[in-house]
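Enquirer: Mind looking over this structure? Questions follow.
We did not get these values from a lab; they are worked out from the coordinates using the rules stated. The structure presented is a predicted model; accordingly, all values stated were derived computationally and were not measured. All Cβ positions, even for glycine, are placed from backbone atoms using ideal geometry, and neighbour counts span all protein chains on display.
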Amino acid sequence: MHIPKYWFRATTVNPTTPHKIVRWGWSDRSQEEAEDHAQERLNQAMSTTSISEALPLDDYTTPIREEILQDFGTSVITQTQLGYFCLNTPYIAIADVDFNIPPSKRYILTATSILLMSAFILLLLAPLWPIWISLFGLLALVALFPFLPQWLWNFTIKQEGGIEAYCLRRLDDFLLNHPHWIVDVYRTKQGFRYLALHELKTSDDPEVLNWFAWIKADPRYVTLCQRQKNFRARLTPKPARIGMDTIPHRDWPMLNEHEIQVSL
């Protein structure tokens with residue numbers, strides 16, 4: 001886990017396109033070192049990319065850029081750009097499970113098999129009725145294909161007793177196969193948050209990755225954990241979920257006094 005104390009933003013405008021190029025620099029030692037690092041990253045980005053090409057986004061490639069409110073040594077509490085507080089820890093495995101789970105490949109393959117079989121039956125029975133009926137049936141099957149995996153998935157969830165029961169059953173199945181694990185379960189607005197308390201774990205531990213896959217953890221959260229080598233858990237609610245009319249946006253650090261403009 002790496003959450004630097006000092007940050008600096010270097011920017012430039014591509015003279016041949018309207019693109020604004022931004023690169024952040026960071027340091028654990030000084031603001032000056034962060035400025036030098038930002039300029040170095042910006043120069044590297046411009047020298048390795050054609051001036052006529054759009055530069056790659058600087059996303060998921062930097063450490064966590066948030067203000068540290070409390071430092072507990074190995075773990076810290078930060079304040080995000082949306083204003084809520086967040087726990088960051090490299091050794092306590094935390095999983096975020098979203099109720100909005102998309103159908104897996106198995107459901108897509110099942111839907112494909114059903115539609116192919118239906119089309120085959122239509123073609124076999126085509127001589128028994130006018131050709132337009134067969135054509136209409138084939139067009140209807142094509143139109144239904146984008147929706148069928150979701151319908152099959154929704155049917156499965158209903159048979160399970162709802163999405164909450166489905167998610168908890170997957171966790172129970174994992175714990176039955178890993179009896180040494182101890183997991184606390186917390187209900188969130190849109191899902192569950194699980195904390196593994198039996199032993200310290202890192203985000204690249206194969207057992208943690210297997211846990212993420214088994215419980216269908218949020219793919220975006222899994223990617224963030226792997227790239228930042230860190231687990232995160234929101235400690236205060238998102239402003240929009242508690243009826244705040246204005247959502248506070250904290251672009252930290254404040255850029256007015258530190259931002260640099262570089263002209264090519």
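Enquirer: Within 10 Å, count the other beta carbons around each residue, average over each peptide in 1-11, 164-174, and list them highest first.
Expert: Final packing ranking: 1-11, 164-174.
Enquirer: Right, next: With a point put 7 Å past each Cα toward its Cβ, work out how far Leu175 is from Ile68 in nm, to one decimal.
Expert: So the two model labels end up 3.5 nm from each other.
Enquirer: Hey, what angle do you get for helix 163-177 against the long axis of the chain, alpha-carbon based, 0 to 90 degrees rounded to 10?
Expert: The angle comes out at about 80 degrees.
Enquirer: Note the angle between two axes, namely the Cα long axis of helix 148-160 and the longest principal axis of the Cα atoms of the chain, as a number of degrees from 0 to 90, rounded to the nearest 10.
Expert: 90
Enquirer: Could you go through region 31-41 in sequence order and give the Karplus-derived ³J(HN,Hα) for each residue, using 6.51 cos²θ - 1.76 cosθ + 1.60 with θ = phi - 60°, rounded to whole Hz, and x for Gly and Pro?
Expert: Residue by residue, region 31-41 yields 5, 4, 5, 5, 5, 4, 5, 4, 5, 4, 5 Hz.
Enquirer: How far is helix 105-125 tilted, in degrees, relative to the longest principal axis of the Cα atoms in the chain, given as a value from 0 to 90 rounded to the nearest 10?
Expert: Approximately 30 degrees, to the nearest 10.
Enquirer: By average Cβ neighbour count within 10 Å, what is the ranking of 79-85, 115-121 from highest down?
Expert: Highest-to-lowest ranking by the protection proxy: 79-85, 115-121.
Enquirer: Which peptide among 235-242, 201-208 comes first, and what is the full order, when sorted by highest mean count of other Cβ atoms within 10 Å?
Expert: Output ranking for 235-242, 201-208: 201-208, 235-242.
Enquirer: Can you compute the label reach from Arg220? Point 7 Å from Cα along the Cβ direction, backbone N cut-off under 18 Å, restricted to region 80-122.
Expert: 80-87, 95-103
Enquirer: Here's something else I'd like to know. Grab the chain and count how many Lys pairs have their alpha-carbon atoms under 30 Å apart, sequence gap of 8 or more, or different chains.
Expert: Close lysine pairs found across the chain: 24.
Enquirer: Let me ask something else. Would you mind classifying the chain by shape? Square roots of the alpha carbon gyration tensor eigenvalues, ordered a ≥ b ≥ c; an a/c under 1.5 is rounded, otherwise it is prolate if a/b is larger than b/c and oblate if not.
Expert: Here the chain falls in the oblate category.
Enquirer: While we're on this one: For the chain, calculate the relative contact order in percent as a whole number, restricting contacts to Cα pairs under 8 Å that are 6 or more residues apart.
Expert: After rounding, I find 28 percent.
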